[in-house]
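K.L.:
Okay, here's the structure, questions in a sec.
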Amino acid sequence: MSQAELTAAHTAASFNEDSGVDSGLTPEEKRQSKRNLRRRKLIATAFVIPLIVFVLIAFIAPIGTMLYRSVYHPTVAQLIPETLQALQSWDESGNSIPDTATLNVFAKELHYLAKERRSGKLAEEINRGLPGSSSTIKSSARKLKKLDEATLTSEGGEHLLAAKKQWQDVRIWRTMKSSGEIFTDSFYLTATDLTRNEQGEIVARDTNIYIKLFAKSLKIALLITFLTAAIGFPLAYYLATAPAKVANTLMVFVLLPFWTSLLVRTTAWIAILQTNGVVNDFLMALHIISEPIEMLYTQFSTVIAMTHILLPFMILPLYSVMKGIDPSYFRAALSLGAKPLSAFCRIYFPMTLPGLSAGALLVFIISIGYYITPALVGGTDGQMISNIIAFHMQSSNNWELAAALGSILLILITLLYWIYDRLVGVSNIKLG
Amino acid sequence: MQFPKYFNFWHKLGMHSLRLTAWAVLAFLMLPILVIIPLSFNVEPYFSFTEGMLAFDPDAYSLKWYAEIINDDKWILAIKNSFLIGAAATVIATVLGTLAAIGLSRADMPLQRMIMAILLSPMIVPLIITAAGMYFFYTQLGLAGSYLGVIIAHAALGTPFVIITVNAALSGFDYSLVRASLGMGASPSYTFFKVIMPLIRPGVISGSLFAFITSFDEVVVILFLAGPEQRTIPRQMFSGLREQINPTILAVAVLLVVVSALLLLTIEYLRARGERIRTGQIS
Amino acid sequence: MKHLKRFGAALALCTAMSPAMAEQFTAVSFGGAYGAAQQKHMLDPFMEKTGHKILFENYSGGIAELKAQVESGNILWDVVDVEVIDLERACSEGLLEVFPQDTLPPGDDGVAAKDDFIPQALANECGVGNIIWTILYAYNQDTIKGGNPNSIDDFFNTQKFPGKRALRKRPQVNLEWALIADGVPKNEVYDLLSTDEGQARAFAKLDTIKNDLVWFDSWSQVPQLLNDGGAIMAQSANGRIFDAIQKDNKPFEMVWDAHVYDLDVWAVVRGSKKKEVAEEFIRFATGSKPESGMQDVAYGPTRKSAYAYMDDAILPKLPSAHLDEGLKASGEFWADYGESLGEKFNEWLLN
C-alpha cells in the first residue's frame, strides 16, 4: 500500500473515531469532538492555504492562460473590425468575392493599418490560414498606404484588385472571415494536422507534421525509458545486494550526476560526441574507424544524452524497492535447484515491479516533455514536441499554435501523472 | 567474491557479468562528468583533447578559461544572478512548502490527496509548458523581464521538493507531541519552533537545497521570462553552447560540478542524521 | 537651517546632473568577432565618453525575438543590429522606432550626414547603416577534397566535393543561391522567387543537397564548424572567415561568387524605455571613427569620411571590392515573402 493510501486510510479511521460512532459518548461529547475535528481541519488548512494561493497565482494561472490562448484569438477581429462586420452578409460558400462596398471598407482599413505599421500583423495572421497570402497583403498595403481617404472611400476596392490579382480569389476572403472569429478551434486542428475545407468540414491537411512529431516524441521517450530500465536494473540490483558500505559509496556515483546541472551533462555529451570529440578520437586512435562518425546533432545523441540524464530517476526507485526484497527468497529458489533465469523471472523480477513501474513512469513523463537536451544536441532529427512548441513561441511567433500543442501535451502528461499517482503516490518520488 | 556453495559455474558467471555490467553503468554515469575536467584546462579554444594534453605536456594545459570567467562581466553578472535568484526563490519555497507539508501531513486535511497532486504538479508539468504559460501570464502582470517574476517562477518550481522532503521527515512524526506541548501551555509558535522544527529540520534543509538546485539549474523558464539583466549561469551556458562553443563553458561546468558535489555531501549527511533522528538514535 | 541648505544644494546638484545621469540599456548584435569589433570601437568608447552602461547581448538575426517583445509588450532590448534583409519587414511591421536621421552628426571631415552616408545607409526610416558586409561561403583547405571550389555551383556539387555543407537555418540567401546555382541570372532571382514556380525550383535545387546539409543558427558558429570538420564548406558572413584567417591562421578560403551583400543597421526597438540614450548611442556608433573600426573584421563603413581612418591594405578585402560578383539582398522582397517562405522553409526542413 502506498503512503498516500495509508494516510487516506488513516484519515478514514480517525474520522470514524472522532465522529464517535457507537462509542457511547454523550451528545455533548460528540458535539465537542466534532468541533475539535472542524478546528483541526481548519488549522491544517490554514497551513496549506498560503502555498495553495501562491501556486494558483504563480503556476496554475499561467497554465490556465495558456489553455485559454489556445482557443481565444481576437487579433484579426481587432485589426479589421469593420471589414469583418461587412463580411457578415457575404456568403462564403459561393464563388464570388465580396461586393465593392466591402472591398472599399477593407481597402480603407488596410490603408490605416499600413500607416500605423500594423499591416504586417494582419498579413501574418491571414497567411496562417492561407499560406502565401502574406505577400499579397503586404505589397497591397504598401500601395494603398499612398492613397488618400477620399479615393479609398469611393474606389478603394478597385485599387485593391489592381494591386494584386490574388484579391479576385475567394479563398483569401474566406480565410479572412474565418480568422476573424474570436474563439476558434483552428489551432487545435492545425496541431493535429487537420483543417477545414471550403464546406467547413474537418479534413486531413496535406502536410503531416505534428502528429508525426508527437509520435516521434513518444517513440524517443519509450526508447529512453526502456534503455534506462535495461541498464539501470543490473546496477540497482548490484547496489541493493552489495554490502551496505560499498553500496553507500557507489551510490554517490549515481547521485552526483543526479545533482549535476543538466547543462553541464549536456555540455559533456557535446564534448564527447562531436566530430572531433572524445569518442571519435578514441575510435580513430584504435583504427576502428578511419573517418569520424557523425553522432552529435542526431536523434542518437538526444537518446544517449537523455538516457544518461534520466538514469538516476530509474535507479533510485528500483534500488529502494530492491533493498526491501528479502534476498533469501531468490537464494532459496536457487538452492532448491531452480535455474537462475527462471528463479529470477518468476521470483525476483515480479517483486521489483513497483520500483520498475515507478521509475519507468517517471522517466517517461519527464522525457516526453524534454526541451533543453534535444535543443542542444538533437540537430534537426532529434527534435521533440517541446522543441516545436518553443519554435512556435520564439521563432514563428505563432503563440496560439504553441498553446494548442502545449495543451495536448499537457493532457497527455496529466493522464500519465494520474496513473503515477494511482500506482505510486506522487509524494513518494525518490529524490535520492 | 564469495559465493554460496550451491552456486555452479553458470551462477558464478552470471554474478560476474552482473558485477561487470554494474560497473560499466557506473562508468557511463560518471565518465561524461569526469571527461570535462581535463578539457577545461585545454590551452586551445576547443572542446577536444590535443596531442599535447594526451602526452601530459604541461604547456598544453592552462587556467586561462577560469581566468576568463572572472574577467568577463557577463559571467560575473550571471553568477551573482544565479545565487541571488536561487536564494530568494529558496526562501519562499522553503517557508511555504514547509508549512504546507505540515498541514498536509495532518490526517484531518480535507481533499488531501488532490491538493497534494496539485501542489506537486510544478515538478511534473514539462518546463516548456510552464515557461510558455508564465510568459503569457507574467507579461500581463508586468513581471516578465524582472527579478521578481523570475524569483516567483523559480519558487513555484522549487516548492514540490520541499513538500516531498518535509513530508518524508514528518512521516514518523508523532502529533501527540504537539498536543502535549500545547496542552502544557506552550504557545503555538513556541511549539512550532521547539517541538516540530527540530524533528523536521533535516527534511527542511534538504528540501531547501533541492529548491535551490532547481532554481540554480533551471534554464527554460529563464529563457522565456528573464531579460538581459537577469541572465543566470545556465542561461549563459545555453547561449554559449548555441552560439560559440569555447572552454569557458567547460570551466564553468567544472565549477558547477564542485557546487553539486558539495550540496550532495550536505544532503547525504543530513539524510543520515534524519534517519537517526527518526529511528531515535539521537536524542 | 544649515542642513536644509545643504540638502537644497545637494538637490540642485542632483537635478543639474540628471541629464547626464548614467543609464543602463541593452544593445543586441551578432557576437563573435563582429561583436568584439563593435564592443571595442563602438560600445566601449561610448561608455567611456558618456558613463552610460550597455549590456551587450547576442542574437542570431531574424525578427522573431523583436516581434515577441513588441507584441507581448515585454521590451527587453533597446538597440539592435538588424540585417537590412530583415529591416524592411521589421520596420513595416512596427517593431522598430523611426529614427530621426536629421539628428545624425556630420562626418569628421565636416561633410553633412546626408552626404557623408552612402544612400542605402539611410534608405529606411527605422535604422542607420552601420556596416556593409556580405554572405558568401568558405571552405577549409585541410578538409576539402576534389580541388578548390570557386563558384556557387561547386557548393551544390556533391559529386565533385563530397562532404557536409553548412547553411544558416533560414530561407534568406539559401533560396537565392539555389536559383543562381540552377542557372538563373542574378538580376532575375527575386522576380522568379516571387512566383510559385520559382520557389518550387529553389527548393528542388536545395533538395539535391539536403542530405549533405548541416544547419546553424548563429554566424559565430561557422568558424567552429569549419575547424572541427563539422562541415567542409559553410555559408558565412565574410568577417568571421576573415577574422579566423587573420587572427587564428586558419586554412580557410572565401568564395566570392554569388555572394549576397547587404548592410547592417543600428535601430531602436519600438517601445524601448531608453529611447533617448539609445538614439544617442546610434549617433555615436555610426560616427566616422567608430565606423572605421569595423575594418578589423573586413566590413566596410557606411560613411565616406570613415575611409580616412582606414588601412589601405584592407580595401581589396572589403565586400565593396567584389560588388560585380555579388547580388544585392532585397529587403523589400523579404518583407513581403519572409513570412510565407519562412513557413515553407520550415515545412521543407521537417519533411
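Just so it is clear, none of the values below were taken in a lab; they were calculated from the coordinates. Fair warning: this is a prediction, and the values are worked out from it, not measured in the lab. Neighbour counts are summed over all protein chains in view; Cβ atoms, including those assigned to glycine, are modelled from backbone coordinates with ideal geometry.
K.L.:
In sequence order, what are the phi-derived ³J(HN,Hα) couplings for the range A:167-173 according to the Karplus relation 6.51 cos²θ - 1.76 cosθ + 1.60 with θ = phi - 60°, rounded to whole Hz, with x for glycine and proline?
P.N.:
3J(HN,Hα) across the range A:167-173, in whole Hz: 6, 6, 8, 5, 4, 5, 6.
K.L.:
Distance from the Cα centre of the range C:294-351 to that of the range B:105-160, in angstrom?
P.N.:
45
K.L.:
Once you have the alpha carbon radius of gyration of chain A, what is it after dividing by 2.2 N^0.38 Å, with N set to its residue count?
P.N.:
Working: Rg = 31.0 Å, N = 432, 2.2 N^0.38 = 22.1 Å.
Rg over 2.2 N^0.38 Å, computed on Cα atoms: 1.41.
K.L.:
What translational diffusion coefficient, in µm²/s and rounded to a whole number, does the Stokes-Einstein relation yield for the range B:169-212 at 10 °C and a viscosity of 1.306 mPa s, taking the hydrodynamic radius as the Kirkwood radius over Cα pairs? Kindly include the intermediate steps, with their values, before the conclusion.
P.N.:
On the way: Rh = 11.1 Å.
Answer, rounded: 143 µm²/s.
K.L.:
Hey, which lysines would be in cross-link range of C:LYS247, C-alpha to C-alpha under 26 Å, not counting anything within fewer than 8 residues on its own chain?
P.N.:
Reachable lysines: B:LYS64, B:LYS74, C:LYS40, C:LYS145, C:LYS164, C:LYS289, C:LYS317.
K.L.:
Another one. Note down the nm distance, to one decimal, between modelled labels 7 Å out along Cα→Cβ at C:LEU323 and at A:LYS41.
P.N.:
For the pair C:LEU323/A:LYS41, the computed spacing is 8.4 nm.
K.L.:
Could you work out the pair-distance distribution P(r) of the range A:75-184 from its alpha-carbon pairs, with 10 angstrom bin width and percents rounded to whole numbers?
P.N.:
Per 10 Å bin, starting at 0, the Cα pair percentages come out as 16, 54, 28, 1.
K.L.:
Considering only DSSP states other than H, G, I, E and B, which trypsin sites (Lys or Arg not before Pro) in the range C:132-175 qualify as loop sites with at most 10 other Cβ atoms within 10 Å? Display every interim value, and only then the final one.
P.N.:
Values: sites: C:LYS145, C:LYS160, C:LYS164, C:ARG165, C:ARG168, C:LYS169; in loops: C:LYS145, C:LYS160, C:LYS164, C:LYS169.
Passing both the DSSP loop test and the Cβ count: C:LYS145.
K.L.:
Related question: Does chain B come out rounded, prolate or oblate by the C-alpha gyration tensor, with a ≥ b ≥ c the root eigenvalues, rounded set by a/c under 1.5 and, if not, prolate when a/b is larger than b/c and oblate if not? Please report the intermediate quantities before stating the final value.
P.N.:
Values: a/c = 2.19, a/b = 1.23, b/c = 1.78.
Verdict is oblate for chain B.
K.L.:
While we're here: How far, in degrees from 0 to 90, does helix A:399-423 lean away from the longest principal axis of the Cα atoms of chain A, to the nearest 10?
P.N.:
20
K.L.:
Quick check on my link table: of A:LYS146/C:LYS328; B:LYS80/C:LYS274; C:LYS67/C:LYS205; A:LYS121/C:LYS328; A:LYS108/C:LYS273; C:LYS49/C:LYS328, which ones sit more than 29 Å apart, alpha carbon to alpha carbon?
P.N.:
Working: A:LYS146/C:LYS328 26 Å; B:LYS80/C:LYS274 24 Å; C:LYS67/C:LYS205 31 Å; A:LYS121/C:LYS328 27 Å; A:LYS108/C:LYS273 32 Å; C:LYS49/C:LYS328 36 Å.
C:LYS67/C:LYS205; A:LYS108/C:LYS273; C:LYS49/C:LYS328, as the Cα separations exceed 29 Å there.
K.L.:
In sequence order, what are the phi-derived ³J(HN,Hα) couplings for the range C:206-214 according to the Karplus relation 6.51 cos²θ - 1.76 cosθ + 1.60 with θ = phi - 60°, rounded to whole Hz, with x for glycine and proline?
P.N.:
Here the 3J(HN,Hα) series is 5, 4, 5, 10, 3, 6, 9, 9, 10 Hz.
K.L.:
Next question. Between helix A:133-145 and chain A, what is the angle of the helix's C-alpha long axis to the longest principal axis, kept within 0 to 90° and rounded to the nearest 10?
P.N.:
So the helix axis and the longest Cα principal axis differ by about 40 degrees.
K.L.:
Still on this structure, please answer the following. In a Gaussian network model over chain C where Cα atoms closer than 10 Å are linked, find which of C:LYS247, C:LYS210, C:LYS40 has the largest mean-square fluctuation.
P.N.:
It is C:LYS247.
K.L.:
So how do A:43-56, C:220-233, C:306-319 stack up, highest first, on mean other-Cβ count within 10 Å? Working shown, then result.
P.N.:
Details: A:43-56: 17.8, C:220-233: 23.6, C:306-319: 15.5.
Packing order, densest peptide first, comes out as C:220-233, A:43-56, C:306-319.
K.L.:
Along Cα→Cβ, 7 Å out, is where each label goes; now give me the distance between the ones at B:SER176 and C:ALA112 in nm to one decimal.
P.N.:
So the label points at B:SER176 and C:ALA112 sit 9.7 nm apart.
K.L.:
Checking the a/c ratio against 1.5 first, then a/b against b/c, what shape does the Cα gyration tensor give for the range B:91-235? Write down the numbers at each step before the final one.
P.N.:
Working: a/c = 2.60, a/b = 2.23, b/c = 1.17.
It is prolate, given that a/c is not under 1.5 and a/b is the larger ratio.
K.L.:
Something else: Please report the Cα spread of the range A:17-69 along all three principal axes, rounded to whole Å, starting with the longest.
P.N.:
58, 18, 13
K.L.:
For chain C, what is the Kirkwood estimate of the hydrodynamic radius, computed as the reciprocal of the mean inverse distance between distinct Cα atoms, to one decimal in Å? If you can, show how the numbers build up before the last one.
P.N.:
On the way: mean 1/r = 0.0467 Å⁻¹.
Radius from the Kirkwood sum: 21.4 Å.
K.L.:
Helix A:100-115 sits at what angle to the longest principal axis of chain A, using alpha carbons and giving 0 to 90 degrees rounded to 10?
P.N.:
60
K.L.:
Ratio of alpha-carbon Rg to the 2.2 N^0.38 Å globular estimate for the protein assembly as shown, to two decimals, please. Before the final figure, lay out the partial values.
P.N.:
Working: Rg = 32.4 Å, N = 1066, 2.2 N^0.38 = 31.1 Å.
So the Cα radius of gyration is 1.04 times the expected 2.2 N^0.38 Å.
K.L.:
What average number of partner chain Cβ atoms lie no more than 10 Å from the Cβ of the residues making up A:281-292? Before the final figure, lay out each step's value.
P.N.:
Values: counts 3, 1, 0, 0, 1, 0, 0, 0, 0, 0, 1, 3.
Counting Cβ atoms of other protein chains within 10 Å of each residue's Cβ and averaging gives 1.
K.L.:
With labels modelled as points extended 7 Å from the Cα through the Cβ direction, what inter-label distance (nm, one decimal) is found for A:VAL203 paired with A:LYS245?
P.N.:
So the two model labels end up 7.6 nm from each other.
K.L.:
With the cut-off at 1.5 for a/c, could you classify the range A:210-428 from its C-alpha gyration tensor as rounded, prolate or oblate?
P.N.:
Numbers: a/c = 2.32, a/b = 1.38, b/c = 1.68.
Judged from the Cα gyration tensor, the range A:210-428 comes out oblate (a/c at least 1.5, b/c at or above a/b).
K.L.:
Take peptide B:243-251, look around each residue's Cβ out to 10 angstrom, count Cβ atoms belonging to other protein chains, and average those counts. Working shown, then result.
P.N.:
Details: counts 14, 12, 8, 1, 1, 0, 5, 5, 0.
For this peptide, the per-residue mean of nearby foreign Cβ atoms is 5.
K.L.:
Starting from the amide H of C:GLY127, placed 1.01 Å from N in the peptide plane, find each other amide H under 5 Å away whose residue is 5 or more places distant or on another chain.
P.N.:
So C:GLY127 has HN proximity to C:PHE99.
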